[in-house]
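Below you'll find the structure, written out as structure tokens, and then a few comments.
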Amino acid sequence: MADDYLVRIGRLIRDARQHRGWTQAQLAEALGTSQSAVNRIERGNQNISLEMIARIGEALDSEIVSLGYAGPMHLRVVGGRRLSGAIDVKTSKNACVALLCASLLNKGRTVLRRVARIEEVYRLLEVLNSIGVRSRWINDGVDLELVPPAELEMAAIDAEAAVRTRSIIMFLGPLLHRMDRFKLPYAGGCDLGTRTIEPHMIALRRFGLDVAATEGQYHAQVDRTVRPDRPIVLTERGDTVTENALLAAARHDGVTVIRNASSNYMVQDLCFFLEALGVRVDGIGTTTLTVHGVPTIDVDVDYSPSEDPVEAMSLLAAAVVTESELTVRRVPIEFLEIELAVLEEMGLDHDRSPEYFADNGRTRLVDLTVRPSKLEAPIDKIHPMPFPGLNIDNVPFFAAIAAVAQGQTLIHDWVYDNRAIYLTDLNRLGGRLQLLDPHRVLVEGPTRWRAAEMMCPPALRPAVVVLLAMMAAEGTSVLRNVYVINRGYEDLAERLNSIGAQIEIFRDI
């Protein structure tokens, strides 16, 4: 067999195993082989017989015995349907990936409740498994258990999985406490233009971390004599930058003050998790965090990340664009208040329930009911700001919402180089969006949506925006290669179908 064919088979086996919720060790036990052999098979580094393919397919109850390559996943959308009923918001993608990275701080057992079963999480689990962390889905695949090894095997890191996620950059903070030298593959993720890691480096150098980027890898070296002797001022109030600084400070034996910190939802969830590990964090929800680090963390911890405000915004936008009445339950209201204030000014008709707490006991939730509304374009432009401003990841949804409103809306996505460009894909579906420059787009509404067949934009939120527009368009649309959506949403098509959408998942044969 050709090497690339083995890699394709390996990926199919890996995907089937993860779909069933098995670890490599569980599959190895079912096959009567070793976990290392399963790892080699999934990475395409071992010849595999037709008999073994059949045995694996039987064990996983999967039709991977078909010798063709299944190809990428596509969606066929029958639009023009109204949504109805109620749908729950799932746990935060961005919180879950931060907590997976944070589990490297702990020598004990970590259990994370209701973890998002998404590609971004799978990629990080592949990386963690490759360096020796044992993971398994428990409680019928709802919760995730992580047990670290005594020593991490960084030489065995799954580089292919690592480069498919930008979250790998958050390994730097915890790893600098565990080893003096290590290598990490370059961070990947969405195609959103140039995104420098220099703000991370500025913060982490204060803990003695020096990183040289060569040959597709970050070469890290730690000087144990360097300690943060004054407050760390972040040059960018970024979420992952703040998280990396928190991860580094958590096991620093002393008090670290982090200024210009993000206070966004995933940062707060990480702070709550660190407190569960025994690390005191003062100032949660503000831009100054004071971390009382502990040099050793060895506890069995059980934590429930909160719900995802960006998924909540996605579902609200789905109701608005399809002119539907829909109840979205378990909405983290603190992180959607600006968005709702803007929508109210545009004329959105909605009700909200009394507040209640998420399973972490800290995050405030409500249930929102949205009804069909006659929207008017906002007077001011739509633009993101660090929390408590309008969330950066929620800006794209306003492109679809503005497209159904009367008048012109200016959207200024100043954070990312390319994302505003991807929003103009809505023009293929009947939208009238004019790109003014790489960061600004003018949206003219209302829109008479029309069906189309198109490739999925290579950025998560614009891709979902296109899907929502297809749901509003009369006729049948096709959205090809939706891996990027699966990176951030669990079973999105099936969940939308449960409230009245008609979306079919298919692959090329």
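In the chain, helical runs assigned H by DSSP with n ≥ 4 each contribute -39500 (n - 2.57); averaged across all residues and rounded to the nearest 500, the mean residue ellipticity at 222 nm is -9500 deg cm²/dmol.
With R₀ fixed at 25 Å, the C-beta to C-beta distance from Gln408 to Ser353 puts the FRET efficiency at about 0.15. Modelled label positions at Thr296 and Ala341, each set 7 Å beyond Cα in the direction of Cβ, lie 4.8 nm from each other. For segment 357-509, give me the percentage of DSSP beta bridges that are antiparallel, rounded to the nearest 5 percent. If I count the DSSP bridges inside segment 357-509, around 65 percent turn out antiparallel. Compared with the alpha-carbon gap, the fully stretched path from Asp380 to Ser36 is longer by 118.1 nm at 0.36 nm per residue. Largest accessible area first, the listed residues Tyr186, Tyr122 line up as Tyr186, Tyr122 when surface is computed with a 1.4 Å probe on the assembled protein chains. Restricting the count to DSSP beta bridges whose residues both fall in segment 100-200, what percent are antiparallel, rounded to a multiple of 5? The antiparallel fraction comes to roughly 100 percent. Find out how many positive minus negative residues lie around Gly407, taking Lys and Arg as positive, Asp and Glu as negative, among other residues whose Cβ is under 9 Å from that of Gly407. Net of charged neighbours comes to -2. Based on the Cβ-Cβ distance of Ala155 and Lys107, what FRET efficiency does E = 1/(1 + (r/R0)^6) give at R0 = 22 Å, to the nearest 0.05? Once the sixth-power term is evaluated, E becomes 0.60. Relative contact order of the chain: 18 percent, from C-alpha pairs under 8 Å at least 6 residues apart in sequence. Once R0 is set to 41 Å, what does the formula 1/(1 + (r/R0)^6) return for the Cβ-Cβ distance between Asp282 and Arg440, expressed as a FRET efficiency to the nearest 0.05? With a Förster radius of 41 Å, E is 0.55.
The mean sequence distance of close C-alpha pairs (under 8 Å, at least 6 residues apart), as a share of the length of segment 355-499, puts its relative contact order at 18 percent.
For Glu453 and Asn427, the difference between the fully extended length at 0.36 nm per residue and the C-alpha to C-alpha distance is 8.1 nm.
Which value, in Å to one decimal place, does the Kirkwood hydrodynamic radius take for segment 248-332 when every pair of different Cα atoms is included? Hydrodynamic radius (Kirkwood, Cα pairs) of segment 248-332 is 14.9 Å.
The values are calculated or read from the model by the stated rules, or taken from the named source; none is laboratory data. Every value quoted in this text rests on a predicted model; they were computed, and no experiment measured them. Cβ atoms come from the backbone with ideal geometry, glycine included; neighbour counts cover every protein chain shown. The area values use the complete protein model at the heavy-atom level, side chains included, leaving out ligands, DNA and RNA. Shrake-Rupley method; radii C 1.70, N 1.55, O 1.52, S 1.80 Å.
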